[in-house]
Amino acid sequence: MHRVQRVPATESQGRIHTSAAGVLVTPEAEDVEVEVNANDLRIDVYRSSGPGGQSVNTTDSAVRITHLPTGIVASCQNEKSQLQNKEQAMRILRSRLLAAAQEAADQEASDARRSQVRTVDRSERIRTYNYPENRISDHRTGFKAYNLDQVLGGELDPIIQSAVDADAAARLEAAAQNS
């Protein structure tokens with residue numbers, strides 16, 4: 001939660017306007033890999049149904065592949081060849097498994113994001129950027145400086161150092177309490 005205090009150019013009375021913005025930083029999502037183990041598959045062959053002439057009722061060319069851990073099923077009876085139907089069913093199964101894995105990864109990322117986001121309440125502020133006073137305050141570390149223009153220009157070292165120092169102090173205090 002970041003708080004910005006500024007006097008807009010349209011403000012004729014010179015009153016300070018306060019805005020708040022929530023910032024959430026999450027790691028970039030990784031691509032999902034799907035590995036299909038042959039032991040996890042049940043392959044059924046059967047006779048095709050529907051129109052198609054003599055070969056429909058005489059050969060077992062239709063293929064149904066079931067992925068046992070997930071229960072996802074892919075079947076194909078488009079081709080006359082059992083081998084071609086099996087290859088196509090495997091492609092369909094792989095794409096369905098990839099879609100399910102991607103959906104699970106997206107849900108996990110969404111849950112992680114949701115667990116980190118709280119209310120956008122001013123009381124949960126991390127920093128205040130006060131333009132009229134050219135001041136930046138970090139409320140977690142107690143850091144305060146009157147060089148907001150330089151910080152916005154990229155000079156972040158003092159703020160980062162205050163966070164590092166506060167973290168080191170917290171770890172030292174926790175280690176002292178544990179011993």
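Derivation of every value follows stated rules applied to the coordinates shown; laboratory data play no part. Since the model is a prediction, treat every value here as computed from it, not as a measurement. Positions of Cβ are generated from backbone atoms using ideal geometry, with glycine treated the same way; all protein chains shown enter the neighbour counts.
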- Item | Radius, Kirkwood style, for segment 126-178 when every pair of distinct Cα atoms is counted (Å) | 11.9
- Message: Output needed: percent of Cα pairs per 10 Å distance bin for the chain, bins running from 0 to the one holding the longest distance.
- Response: 8, 19, 18, 13, 11, 12, 11, 7, 1, 0
- Using alpha-carbon coordinates, inclination of helix 157-178 to the longest axis of the chain, degrees: 80
- Query: How much length is gained if the chain between Ala168 and Ser49 is pulled fully straight, taking 0.36 nm per residue apart and subtracting their Cα-Cα distance, in nm to one decimal?
  - Reply: 35.7 nm
- Query: Which of Gly71, Gln88, Ser110 sits closest to the plus end of the dipole of segment 38-116, meaning its Cα is farthest towards the positive end, when Lys and Arg get +1 and Asp and Glu get -1 on the C-beta?
  - Reply: Gln88
- What spacing in nm lies between the two simple spin-label points modelled at Lys144 and Leu24, each 7 Å away from Cα in the Cβ direction? 3.2
- Cα-based helix-to-principal-axis angle, 82-116 vs the chain, degrees rounded to 10: 20
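By counting other Cβ atoms within 10 Å of each Cβ, how are Val23, Val36 ranked from fewest to most? Display every interim value, and only then the final one.
Working: Val23 8, Val36 13.
With the sparsest Cβ surroundings first, the list reads Val23, Val36.
Might you report the magnitude of the Cβ-based charge dipole of segment 38-116 about its Cα centre, with Lys and Arg at +1 and Asp and Glu at -1, to the nearest 20 debye? Spell out each step's value before the answer.
Working: 10 positive and 9 negative charges, 32 e Å.
The dipole of segment 38-116 has a size of about 160 debye.
So what's Rg/Rh here for segment 84-179, counting alpha carbon atoms and using the Kirkwood radius for Rh?
Details: Rg = 23.8 Å, Rh = 18.1 Å.
Expressed as Rg/Rh, it is 1.31.
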- Task: Please go through segment 82-171 and write out the chymotrypsin sites (Phe, Trp or Tyr not before Pro) that DSSP classes as loop and that have at most 16 other C-beta atoms within 10 Å.
- Result: Tyr146
- When the helices in the chain are scored as -39500 (n - 2.57) per DSSP H run of 4 or longer and the sum is shared across all residues, what 222 nm value do you end up with, to the nearest 500 deg cm²/dmol? -12500 deg cm²/dmol
